[in-house]
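The values are calculated or read from the model by the stated rules, or taken from the named source; none is laboratory data. Note that this is a predicted model, so its numbers are computed, not measured. As a convention, Cβ positions derive from the backbone with ideal geometry for all residues, glycine included, and neighbour counts pool all protein chains shown.
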Amino acid sequence: MWRIGEVVDGRYEVTRVLGRGAMGVVHHVRHLGWGTDLAVKSPRGELVRDPHGRDRFVAEAEAWVSLGLHPHVCGCYYVRTLDGAPRVFAEYVRDGSLRDRITRGTLYEGDRDQVLARILGLAVQAAHGLEHAHAQGLVHQDVKPANILVDAGVAKVADFGLARARGALPPLPGGTGDDASVLVTNGGLTPAYASPEQALGKRVGRRSDIYSLAVSVLEMFTGEIVWAFGSVAGQTLEELRGSDGFAFPLPDRVASVLARCLAVDPRDRPGSMAELAAELGGAAEHLTGGAAPRTPPRAVDLRAGELNNRALSLLDLGRPEEAAETFERAAATDPHHAASRYNAGLLSWRRGEITDRGLVTTLEEARASADGESPLAFLLAQVHLERGDLEAARALLENLARHPEAPDAAEVEAALNTVRSGDVPDARCTAVREAAWQTFPFSRMRDERQRLAKEIRMRMAPDGKTLLTGGWDGTLRLWDTGDGRSLSVMRGHPGAVRSLDLGRDGRLALSLDWNGVLRWWDPGDGSCLHELSLTASDRGPARYPVVRLVPGSSTVLCGTSDGRVVRLHRDGRTVPVTPSADPAGSGVSAHSADEPVLALEVSADGRRALAGGTHGSLWRVDLTDGSTRLLPDTGGGFVHAVCLSADGRRALSGHGRSIRLWDMDSGRCLRTIDGPFHGAHSLTLSADGRHALSGRSGALQWWDLDTGRCLRTFHGHRGEVSAVWLSPDAGHALSAAQDNTLRQWSLPGTYIAPPHLDRPRPPADLNRSREHVADLVVRAERALERGRLPQALECLTRARSVRGHERDPKVLDAWHRLDGRATRVGLRAGWQARELTGHTASVNWIDLTDDGRLAASASADRTIRLWRTGDGECLSVLEGHDHLVDHVAFSPDGGRLLSLGRDRRARLWDVATGTCLRVLDSSAFGTAARFCGDGSRALIAGQGRVLRLWDLDEDRPLRGFDGFELSLNAVWTTPDGRLAATGGDDRTVRLWDLDSGRCVRTMTGHAHHVMSVWLSPDGRYVLSGGTHRESAIRLWDASSGSCLQTFEGYTHFGARLTADARFAVWSSAGAVQVADTRTGRVVHRIDGRSRGLFTAVPTPDGRHVLTGDMEGLVRMWELDWELTV
């Protein structure tokens, strides 16, 4: 029980007890940060301890939360679990209840008309509040004066402690019949106001609330309860009519309405609260001469802040799916609302749907788009605290502490104290040790194949004290992980080391080279203990890609290139472990003879092993009896790595871009975790099997296996992370990478970032804001109609400044209409409008029709997808290419599509039907292509120095273009087919007259190859992009050939101008970059939520940008432009 004067959760000061009931106690508290008064209903202690009682209270909270906000309902702002109990935080009504006004006699102050108007006005308002509850499917079940609060003459129905959702029975036509569908709650009802059916324990419906409200209205006239039970209130009314037994005279017209409401049979009562409100309102107007409101008050349109609080309440009530849906509604209302974006991100992160870096990126993107120092800086600091990134959290919080607009100084100071306390582990790289195990220069590794050939093999000792490496020069080295010293060198292999292992006690090492020579070593002195040449025809060097020592045995376990696992003795004898499909003993695995085993681990006790293949298969091997089981539900990509828990009962496997957790006893997959950057090439499990560490491509990720979420992503390595190790207490880790560094890391603790509630606003304030914004939008639209653009801009700017309405869809619609007639001077913000899914590999190119209604995406999954941009629907999937598709281009009329694939084929498609019209002659293949004019011709940049104008209908070249010194990389044409721009390895941009075939302009200035070009539809501007070495995008005047602007950045996939030529848009470093063409400055950066963002294409109207990434996602981003007139 809270004590008066106590400060709960560091923010709620308890001032007094407002009331007590059967289920709980209501306190008045003041939120110290907001300066707001709230009413808090808490369950009684015995209810918290009793599961049934707790469930009843939670049901009440759910009912109250589901109501939303209404002017005549005491609003539930949110629910929070504090001190282990759910608490309902509701609107605080200062003036007490209707019960208080009756008892104190203040209800009857004034002349006759004033009192009658007051009584009937409160009754009508209560009826409106209950009508709202009924519309949400709730029956109150305990309507009485004590549960009708009054605030400045406004009635608000409160305390939905007995409310229950009505069942599936719909209201009967015309309001006749009984809609009873709720079993009466046992206990807790107030007998003096209960309807006859409720008193008898029968099913009740909305007419039961009508009865109880009529009893309450009758009491306002009598001044006290003069009946024994509510079920006889109708009889009491009949007895009192015409008498002087009333505290205030009851008009006959009102008595007649109450008599109907107090009928014993529910079917004889009014059909709805709305009907009752209309009758009482009509009576008030007739009897007092005052005008009653003709339009019932409407429920409040919940803005992002209110939806955020509702979603958090649903989370605390154990309804995460409904919470996620509510967060989506908040995002639709305002995509950049700070609290809802933070809370929704926390939910997605904790459900394993995004990584910690994904959440940080999302919040940083929103923060960059916010005006001034928004609460997102504080919220981002909270995320960093949970990630254990104290340096990032401290920087944000210290800046806020100095900032005059800090959201809450007390909360900022409390968070800074948490950072300084030492209670939260500082998860970071604590040491970097240089170790020259890679001697081949990285700059000479020209491609992926060479990189793999020169890759250093690594194995960490189980105790983490030493690391064994094997190089491309055949040398093995043992390293001290504490200081990076080389402890011993083992030489003797004539070729590169392919696989190696280190014994659990560190006293034995094993290595296999590409020539098939297997060696056992003493790592202490570097001597070779034994050598075995695997060169016989039945076990050639390529047959054993991976080898492992078997603890407690002198044998070696080998994975083979034909899909087997065998045990190898020192004398060269092999014992097949995996089952054979051939009874004669050919040794071919029963699963797949063409799936090499490249991932293999043996348990610490030597009793089990796990093997992974290149097609995604996993085999569990029992080394005690040689039995093998192919685990179910495998597949899904190359198995890069496997690991086993210390007891061998749990295992991890890294498949493509996912990690899978396995129960080794049952062979069941316990969880699939999607999200590791480029997969996991090194894995290790914590001692308790609840956490894992994965490494690949310069990053480490720390995983909670119970939830599947990435607790922390660490960056620092510049090369492949090939070995990882965890301390027994999972407090710190080691990683070794191809960049010649060994890093030590401290890992995050258990700090939990708290949810962030939005400061609640009373329903009346919300409705006033809505009406004010609606009025401003109407005025802006009228100004637009009359051509008064400054007035329209002023009205919409004011509307967008109203809290909760900055990105109101109706306001944005009007803003977009103004956008078409105003001048864009900057980008306010950008956010994801929709995600187009379907591709299973990277999206390499996107093109749009000239009207922007259709988009085509070319993917490495060998398909092309056609999308309708209006709603994101995939209209068709074009299949036919035998290799990844690099390039697509629409014809000017959008009827045809040209595609170029790595299968060295150019295909012509009919967009309407999705059929391939023609596979063009092989000589038509090239690196880039654009249609010309009517779509019957295309300009194709072929292999080398070839540029041809191609007749697509007759499949033949019409003209060749000369003058290229080196290869062409890019081509673009104007829609009318008159001009073309090209770029290539000769560092020049050329402008061509396609009618004459003549080069009319050569533009020089790039320091390296030109990788992309774009020509504006009117032929006035050219954009060209260089290589990453130059990192420059250049804007050219096509008529003069002069360079108008140089933007710092690199894009292999081309930049575009917006239609007004004021902004350039391109993709770079995983983000959409928007730059001002007048200054060359990047004015906005929209994080693409992907490490590999390939292409960014603005729609013709400039309202959206489509992006494609390496994960196969096409995203559509909405751009919010800053305007002037």
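Considering every residue within the range 600-608, establish whether at least one is part of a loop (DSSP other than H, G, I, E, B), at pLDDT below 85 and crowded, with 19+ Cβ neighbours inside 10 Å. For the range 600-608, residues part of a loop (DSSP other than H, G, I, E, B), at pLDDT below 85 and crowded, with 19+ Cβ neighbours inside 10 Å: absent.
Screening the candidates Arg907, Arg930 for the property of being of a type outside the set (Asp, Glu), farther than 17 Å from Val971 by Cα and assigned by TED's automatic domain parsing to the domain that holds Gly1112 yields one hit, Arg907.
Pairing residues of the range 250-273 that are buried (at least 17 other Cβ atoms within 10 Å of the Cβ) with residues that are of a type in the set (Asp, Glu) and assigned to a loop (DSSP other than H, G, I, E, B), at Cβ distances under 9 Å and at least 6 apart in sequence or on separate chains, gives Pro266/Asp178; Pro266/Asp179; Gly271/Asp179.
Restricting the range 20-52 to residues that are surrounded by fewer than 16 Cβ atoms within 10 Å (Cβ to Cβ) and free of Cβ contacts under 8 Å to residues at least 24 places away in the same chain leaves a set whose member that is farthest from Thr190 (Cα to Cα) is Gly35.
Output the number of residues of the range 55-76 satisfying the condition of being outside any loop (DSSP other than H, G, I, E, B) and crowded, with 16+ Cβ neighbours inside 10 Å. Qualifying residue count, the range 55-76: 14. Go through the residues of the range 917-938 one by one and say whether even a single one is farther than 30 Å from His839 by Cα, under 44 Å from the mean Cα position of the chain (by Cα) and not in a loop (DSSP other than H, G, I, E, B). So far as the range 917-938 goes, no, none of its residues is farther than 30 Å from His839 by Cα, under 44 Å from the mean Cα position of the chain (by Cα) and not in a loop (DSSP other than H, G, I, E, B). Selection within the range 1036-1066: residues that are more than 29 Å from the chain's Cα centre (by Cα) and among the polar types (S, T, N, Q). The member of this set that is surrounded by the most Cβ atoms within 10 Å (Cβ to Cβ) is Gln1045. Within the range 189-216, take every residue that is in contact (Cβ under 8 Å) with a residue 60 or more places away in the chain and either assigned by TED's automatic domain parsing to the domain that holds His72 or in a loop (DSSP other than H, G, I, E, B) (or both) and give me the one that is surrounded by the fewest Cβ atoms within 10 Å (Cβ to Cβ). Only one residue tops the list, namely Gly205.
Highlighted here are the strands (runs of 3 or more DSSP E) found entirely within the range 639-732 that include at least 1 residues which are within 22 Å of Leu1113 (Cβ to Cβ): 650-655, 658-663, 668-674, 691-696, 699-704, 709-715.
Filter the range 81-99 for residues that are buried (at least 19 other Cβ atoms within 10 Å of the Cβ) and not aliphatic (A, V, I, L, M) and give the result.
Looking only at the range 81-99, we keep the residues that are buried (at least 19 other Cβ atoms within 10 Å of the Cβ), and these are 86-93, 97-98.
Once the filter is applied, which keeps residues that are buried (at least 19 other Cβ atoms within 10 Å of the Cβ) and not aliphatic (A, V, I, L, M), the range 81-99 yields Pro86, Arg87, Phe89, Glu91, Tyr92, Ser97.
For the range 730-778, the set of residues classified as without any contact (Cβ under 8 Å) to a residue 60 or more places away in the chain and within 30 Å of Asp688 (Cβ to Cβ) consists of Ala730, Ala733, Ser735, Ala737, Thr750, listed by residue number. Each residue in the range 252-265 was checked for being assigned to a loop (DSSP other than H, G, I, E, B) and not charged (D, E, K, R), and 3 pass.
Taking into account only those residues within the range 593-624 that are farther than 16 Å from Arg567 by Cα and hydrophobic (A, V, I, L, M, F, W, C), which is farthest from the chain's Cα centre (by Cα)? Step by step, filter the range 593-624, then rank; the result is Ala593. Taken together, Asp142, Asp95 contain a single residue that is at pLDDT below 95, in a loop (DSSP other than H, G, I, E, B), in contact with a strand residue (DSSP E or B) (Cβ under 6 Å, 6 or more places away or on another chain) and not aromatic (Phe, Trp, Tyr), which is Asp95. Could you list all residues from the range 266-320 that are part of a helix (DSSP H, G or I) and of a type in the set (Val, Ile, Thr)? Hit for the range 266-320 is Thr288, nothing else. Within the range 825-838, restricting attention to residues that are more than 19 Å from the chain's Cα centre (by Cα) and surrounded by 18 or more Cβ atoms within 10 Å (Cβ to Cβ), which residue is nearest to Arg1081 (Cα to Cα)? In this case the residue turns out to be Leu827. Counting only residues that are of a type in the set (D, E, K, R), more than 21 Å from Pro1098 (Cβ to Cβ) and outside any strand (DSSP E or B), the range 858-911 holds 7 of them. Return yes when Val811 is surrounded by 19 or more Cβ atoms within 10 Å (Cβ to Cβ) and under 24 Å from the mean Cα position of the chain (by Cα) and no when it is not. Here the answer is no, as Val811 does not meet what is asked. Looking only at residues in the range 315-338 that are surrounded by fewer than 24 Cβ atoms within 10 Å (Cβ to Cβ) and of a type in the set (A, V, I, L, M, F, W, C), the one that is farthest from His772 (Cα to Cα) is Leu317. Among the numbered conditions (1) without any contact (Cβ under 8 Å) to a residue 40 or more places away in the chain; (2) touching a Cys at 6+ places or on another chain (Cβ under 9 Å), the only one that Leu1035 does not meet is (1). All of (1) exposed (fewer than 15 other Cβ atoms within 10 Å of the Cβ); (2) at pLDDT 90 or above; (3) among the β-branched types (Val, Ile, Thr) hold for Val115 with one exception: (1).
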